[in-house]
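Values quoted throughout were computed directly from the atomic coordinates according to the rules given, and no laboratory measurement underlies them. Keep in mind the model is a prediction, meaning the values are calculated, not measured. Here Cβ is always computed from backbone atoms with ideal geometry, including for glycine, and neighbour counts include all displayed protein chains.
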């Protein structure tokens, strides 16, 4: 694998054609390549960065983030992308665990970088994206002092391109390994599932520190799919950019869709350029997803699933399919099955744990052989997601293993209750967790956010659920909030709700 050679090849095809748009500025593939090579030369010649050295990147979505990824991959380094919302403690934990030699970051008022360098013995240098970086190195200065001579380093497929930290950053960090062969996997899947390519204009509002956002950059460099990059997700601005740039496609998570559907201006914007949109992060409310499709009837609405560990997308419904409740079928080079607790295949229609086998699956977790052995068994990656296959081979998500509640011996899946609540015309957001109960062991508790200008009551929702759910699935408690906590990738943070130690 040689990312530098790939950048040169892509830039030579249409050197002046705009490929990336950020902050009202268009950049051609050649401009991206030249800046990436300037940075690569600076990191190599001035800082002595070598192949497989680990470099942490702590930035919001920005052009500097794009340059950093491309430069580091051109050098055969390992990128450690870190969520820009991480606290000082979390940042120190991830930088130390990854043994990063270098940190590329943007100044942040509550992050003392001098302190972070002291707490991370292996961290040699810090590069800041600002004009006055003293006492640290300046990102802009590195670019200005170096030329754009080509950087071409051959890296073996099994060497590591990325370490993704997905959770547990202050306890036991969980670093998902992605090798250089797998770097092409998301783009290959997008090409197979939706024919993504240079004809498309994609819109990215997911963070580049997460796989969902990074897939846009991977599709840009492997498939030449032009991309509009936003620094963050603001619903109205997002749709305005669809109209402005004649966006043909995007993929976001369910909570982002729900936010878009609340916009009064939705029907007044020209979204006719959209050809397909994908919702990743199932399970979702089919009614809500179909509602979005009603606003854009010309576009294929597609549901899909995957994980950082499987270099998503992994399973996607075919374009034109009406089975929006399903997440579809896997790509031909990916095996997906459903196992019971004894690692045996369950019959079609029955719920079990989703397992995946393919070259796209992570080699494991960085410096964590125990977790690697626990999740990788007999060649199958055990996802922790529960699902079932129908007779046509379509896969359906039931929820996470930890989203399973045992109510008086009966199994209840939290997402099933959430989907019912989201179908209520007055509910904007919903989350369900299990809480301890002396009599039944556990009972469901619902957190809901009402639509603007609408009032909600517990009895109203309880009656609504009673008509659609078995009695033991009906939440025993309802809590009404103005908003629900979100992860950086836009999903409802149910772990935060569980950590609150909520009772009744």
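At-a-glance table
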| item | result |
| --- | --- |
| For a label point 7 Å along the Cα-to-beta-carbon line of residue 455, residues of region 406-428 with backbone N under 20 Å | 424-428 |
| Contact order normalised by residue count of the chain, Cα under 8 Å, 6+ apart, percent | 10 |
| Relative compactness, the chain, computed as alpha-carbon Rg over 2.2 N^0.38 Å | 0.98 |
| Angle in degrees between helix 185-194 and the longest Cα principal axis of the chain, rounded to the nearest 10 | 60 |
| Translational diffusion of region 131-215, µm² s⁻¹ [Kirkwood Rh, Cα pairs; Stokes-Einstein; 20 °C; 1.002 mPa s] | 129 |
| Percentage relative contact order, region 360-504, counting C-alpha pairs under 8 Å, at least six apart | 16 |
| Förster radius 56 Å - calculated FRET efficiency between residue 370 and residue 268 (Cβ-Cβ, nearest 0.05) | 0.55 |
| CD proxy at 222 nm, helix term only [per DSSP H run n ≥ 4: -39500 (n - 2.57); per residue of the chain; nearest 500] | -8500 deg cm²/dmol |
| Point-to-point label distance, residue 246-residue 482, nm (Cα→Cβ direction, 7 Å offset) | 4.2 |
| Residue 9-residue 85 FRET efficiency (beta carbon distance; Förster radius 56 Å; 0.05 resolution) | 0.95 |
| Separation in nanometres of the label points that stand 7 Å from Cα toward Cβ, at residue 17 and residue 466 | 6.2 |
| Highest to lowest packing among 439-450, 338-349, scored as the average C-beta count within 10 Å | 439-450, 338-349 |
| Highest to lowest packing among 2-14, 184-196, scored as the average C-beta count within 10 Å | 184-196, 2-14 |
| Label point at residue 500 placed 7 Å out along Cα→Cβ; residues across region 440-461 whose backbone nitrogen lies under 16 Å | 444-450, 458 |
| Least to most buried among 303, 471 (fewest other Cβ within 10 Å first) | 471, 303 |
| On Cα atoms only, tilt of 29-45 relative to the major axis of the chain in degrees | 70 |
| DSSP-defined beta bridges in the chain - what % are antiparallel, rounded to 5 | 55 |
| Pair residue 439, residue 51: separation of 7 Å Cα→Cβ label points (nm) | 6.7 |
| For region 408-499, the fraction of alpha-carbon pairs in successive 10 Å shells from zero, as % | 16, 51, 29, 4 |
| Extension gain (nm, one decimal) between residue 130 and residue 391, 0.36 nm per residue minus Cα-Cα | 88.3 nm |
| Debye-sum result for region 184-400 in log10 I(q)/I(0), which assumes one identical scatterer on each alpha carbon, at q = 0.09, 0.12 Å⁻¹ | -0.36, -0.64 |
| Under the Debye formula (equal points on every Cα, no solvent term), log10 I(q)/I(0) of region 29-141 at q = 0.13, 0.19 Å⁻¹ | -0.43, -0.96 |
| Region 408-499: antiparallel DSSP beta bridges as a percent of all, rounded to 5 | 75 |
| For peptides 102-115, 26-39, sequence by mean Cβ density within 10 Å, most packed first | 26-39, 102-115 |
| Calculated P(r) tail over 17 Å for region 328-439, as whole % of Cα pairs | 64 |
| Two-site FRET efficiency, residue 154 against residue 198, from Cβ-Cβ distance with R₀ of 22 Å, rounded to 0.05 | 0.30 |
| Convex hull of Cα atoms in region 233-326, direction-averaged projection (nm²) | 5.8 |
| Rel. contact order, % - alpha carbon contacts under 8 angstrom, at least six apart, region 3-176 | 25 |
| Degrees, to the nearest 10: 235-245 long Cα axis against longest axis of the chain | 50 |
